[in-house]
Amino acid sequence: MDALSYFFIPWINLDLLALVAIGTFAGIYVGAIPGLSVTMAVSILISFTFSWEVYPALCLMVGIYMGGVYGGSRTAILLNIPGAPSAIATALDGYPLAQQGKAGEAIGLSTTMSFVGGLIGIGVLAVAAPAVSEFALKFQPRDYLLLAVLGLLLVGSLSGESLLKGLFCGALGLLIGTVGLDPLTAQERFTFGVVELWGGVSFIAVMIGMFGVAEALIQLRHVDTTPVKQKISRIVPTWGAIRKHLPLSLQTSSIGVIIGALPGTGGDIAALMAYDHAKRVTKNPKVPFGKGAEEGLVAPETANNAAVGGAFIPMITLGIPGDAVTAIIIGALFIHGLNPGPMLMIDKPDMFWFITGALFLANIFMLIFGLTGIRIFTKIVEAPRAVLIPMILMLSIVGAYAVNNSLTDVYFMLGFGVLGYFMKVYGYQVGPVILGVILSRLIDENWRRAIISDQESLGLLMKGIATSPLSLVLFLAVLMIFFTQTPFWARIKAKAKAKSKAGKP
Amino acid sequence: MNRDHTRKPGEAIFALILAAISLVALWQAYGISGFEALSAPGSFPMAVAAIMFVSALMIAIKTLRAAPAGGGFIYGVVPPFAALMAFLLLLYAVALVPLGFLPTSLIFLTISIMALHKRGFVRAFGISLVSLVVIYIVFRLVFTVLMPEGIVPEREILAFFRNLMAGGAE
């Protein structure tokens, strides 16, 4: 097969190889600096790659993503501050390990296990994506509609503390996505007569504003906290340790891939679920969970890196992002003229194999950089935030400007930065906003296609959903997720609990 | 579901502003095509704006009911540093095109590092200059990102260096 050979393009082309390496390296270190998230790195750096060819841009993005998910574990272990949301579970046992003076072992183990997880995730991606995309060709517009709503609901309800806030944020993103000329009828929507708005609000402006500027401003609230220094000893884990944890890591990797592949759920949830799984299946841990159990480190680290490969499945085959980072990558692919969805696999299978190859390579670089360069690492993490934050802010402005060489984007970016700042302070999640912006067009178009094909009748649409197994499953999933987040459900659960307690003698 | 039962300073006002914005959006969305058809260009924006409005309103009600948490708006929500940086960013954006990337960035970095890092002018200027050179090399020369030139004749300077290198190579 010709397309398959593209798997090796990033391996043999030295420029691309170097870009994957640079991306992974940058991802690890950005992910490791508390407060600098992988989403922030991807959103700012991506804006600089728009003038590039697709391949080099993809190499850099893939590297940053892979490295960033792993990098978050470093600070989780060393400082008890997860560098990324996907490393929250890592801190639970990683930090106690570091406190016991086993920081080196913990880092070594988490690195190797991240590699194992990443490998399995990529393997599943390579096998499953072609099959899923073939299946996805049979999807009706209403299925896309339901799937996108499902993803948005999942992100909205799982990432924040309140469903209402999640709903608002998702809807806000969808609304921002509708600004401009309607793609079907060219009617103006929310343009207020301003010609600059005809093309819509730049997705880059929203993204850099919310993930770059807002995040950096939030970080200013604790600019004075200095990182703690830790001595790191042995880092490469023993073969025995790896073999001992291999069975668990295979299980948690599968959890990671599946959770990552669900639209709307990413590495953070995968890691927490894997941690929970490890707690249940590990009968007699040497050290109790939460006190430095190695299993508690292995589980989330395999799962969050396995989720990277998993998250690419819905992204490539359906055009539906698995999390905020894949949402950004989808946006970048759009700008590069690619259209993620089932047709991508048919029209450009080479692109799919190229991405898979780059991911595989990034995984290897992650292992190499993870097990070496501890000295540089501690230096970089100790870089004062008072110097880093102004630079991030500066790059945010330049990045927003660079995409279209327009100041309008910069002002939009600043506006979204301030909005994002207040949203974060008051507990609104910005992830659903960016997902909403990306999914807006997909939902709008598929809604209209679905309802037109059903002669503008909601009844016929519902009948169509009820008679198609796939649509029905998706519809029920949407209902279930929505319902389980409402206060009614909490009340029912509380009642059931009270009953079962009363029933017990 | 909603774990925080206290409200931060300004939180209720923020929620009310969001509700007001949603209402304006809903009205604007209605203006696109009204209730013409389910597939009309305005139907999706209207549905979305309605969700925004209802959820923002419910958030506002919940927030208003919650007991206020301590702490002032200035220190709890917008610390002086954040406000200062936001203001500096705005100035940076305004000056970027007329002055050009290099001088604006240098001034911005120096002032903000002086303020945040609490270092003297010379130290802050030095850090800024070094980082700016690195950023310039990475983004302008390696990534070939175009940045506004402003008052610095960048192209002439780059051409001069290129000539110098070419001359040296001969």
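The values are calculated or read from the model by the stated rules, or taken from the named source; none is laboratory data. In this text the structure is predicted, and so the values were computed from the model without any measurement. Positions of Cβ are generated from backbone atoms using ideal geometry, with glycine treated the same way; all protein chains shown enter the neighbour counts.
Just so you know, in the range B:89-98 the residues that are surrounded by fewer than 19 Cβ atoms within 10 Å (Cβ to Cβ) and in contact (Cβ under 8 Å) with a residue 24 or more places away in the chain include one that is nearest to the other protein chains (Cβ to nearest Cβ), and it is B:Val97. The single condition among (1) touching a residue at least 24 places away in the same chain (Cβ under 8 Å); (2) in a helix (DSSP H, G or I) that A:Gln429 does not satisfy is (2).
In the range A:56-69, is there at least one residue being surrounded by fewer than 24 Cβ atoms within 10 Å (Cβ to Cβ) and not aromatic (Phe, Trp, Tyr)? Scanning the range A:56-69, I find at least one residue that is surrounded by fewer than 24 Cβ atoms within 10 Å (Cβ to Cβ) and not aromatic (Phe, Trp, Tyr), so the answer is yes.
Just give me the residues in the range B:106-165 being of a type in the set (Lys, Arg), assigned to a helix (DSSP H, G or I) and either surrounded by 13 or more Cβ atoms within 10 Å (Cβ to Cβ) or under 23 Å from the mean Cα position of the chain (by Cα) (or both), in sequence order.
Step one: of the range B:106-165, the residues of a type in the set (Lys, Arg) are B:118-119, B:123, B:140, B:155, B:162.
From the residues that got through so far, the ones that are assigned to a helix (DSSP H, G or I) too are B:123, B:140, B:155, B:162.
Within the range B:106-165, B:Arg123, B:Arg140 meet the criteria.
Taking residues in the range B:113-142 that are farther than 17 Å from B:Arg155 by Cα and in contact (Cβ under 8 Å) with a residue 12 or more places away in the chain, and partners anywhere that are outside any helix (DSSP H, G or I) and among the basic types (Lys, Arg), the pairs with Cβ atoms closer than 9 Å and at least 6 places apart or on different chains are B:Ile113/B:Arg119; B:Ile127/B:Arg119. Of the helices (runs of 4 or more DSSP H) lying entirely inside the range A:1-87, those carrying at least 1 residues that are more than 13 Å from A:Gly370 (Cα to Cα) and within 17 Å of the chain's Cα centre (by Cα) are A:14-32, A:38-47, A:54-79.
Does B:Leu141 satisfy the criteria of being within 26 Å of A:Leu217 (Cβ to Cβ) and not charged (D, E, K, R)? Criteria not met by B:Leu141.
One residue stands out in the range A:129-183 among those that are facing chain B (nearest Cβ under 7 Å), touching a residue at least 24 places away in the same chain (Cβ under 8 Å) and not in a helix (DSSP H, G or I): the one that is farthest from the chain's Cα centre (by Cα), namely A:Ser162. Here the range A:394-415 is the region considered, the condition is being in contact with an Asp or Glu (Cβ under 9 Å, 6 or more places away or on another chain) and under 18 Å from B:Ala86 (Cβ atoms), and the residue that is nearest to the other protein chains (Cβ to nearest Cβ) is A:Tyr401.
For the range A:390-449, the set of residues classified as closer than 22 Å to B:Gly150 by Cβ and charged (D, E, K, R) consists of A:Asp409 only. The set of residues in the range A:134-152 being surrounded by 24 or more Cβ atoms within 10 Å (Cβ to Cβ) and either farther than 22 Å from A:Thr467 by Cα or among the basic types (Lys, Arg) (or both) consists of A:Arg142, A:Gly151, A:Leu152. Based on this model, can you work out whether B:Ala82 counts as facing chain A (nearest Cβ under 9 Å), of a type outside the set (Val, Ile, Thr) and more than 18 Å from the chain's Cα centre (by Cα)? Answer is no for this residue.
Evaluate the range B:54-67: report whether one residue or more is of a type in the set (Val, Ile, Thr), within 8 Å of another protein chain (Cβ to nearest Cβ), crowded, with 18+ Cβ neighbours inside 10 Å and closer than 25 Å to B:Leu18 by Cα.
yes
Are any of the residues in the range A:455-469 over 23 Å from the mean Cα position of the chain (by Cα), part of a helix (DSSP H, G or I) and closer than 24 Å to A:Gly322 by Cα? Yes: one or more hits.
Tell me the residue from A:Thr408, A:Thr467 that is modelled with pLDDT under 90 and surrounded by fewer than 23 Cβ atoms within 10 Å (Cβ to Cβ), please. Give the derivation first.
On the way: A:Thr467 fails: modelled with pLDDT under 90.
Sole residue among the options that is modelled with pLDDT under 90 and surrounded by fewer than 23 Cβ atoms within 10 Å (Cβ to Cβ): A:Thr408.
Using the structure shown, decide if A:Asp2 is at pLDDT 90 or above and among the acidic types (Asp, Glu). Against the criterion (at pLDDT 90 or above and among the acidic types (Asp, Glu)), A:Asp2 does not qualify. Check whether at least one residue in the range A:181-196 is surrounded by 14 or more Cβ atoms within 10 Å (Cβ to Cβ), within 30 Å of B:Leu84 (Cα to Cα) and at pLDDT 85 or above, and report yes or no. Taking every residue of the range A:181-196 in turn, none turns out to be surrounded by 14 or more Cβ atoms within 10 Å (Cβ to Cβ), within 30 Å of B:Leu84 (Cα to Cα) and at pLDDT 85 or above. Exactly one residue out of B:Gly31, B:Gly42 is without any contact (Cβ under 8 Å) to a residue 60 or more places away in the chain and at the interface with chain A (Cβ under 8 Å from one of its Cβ atoms), and it is B:Gly42. On the given criteria, is A:Ile451 assigned to a helix (DSSP H, G or I), within 18 Å of A:Leu36 (Cβ to Cβ), within 8 Å of chain B (Cβ to nearest Cβ) and at pLDDT 85 or above? So A:Ile451 does not fit the description; no.
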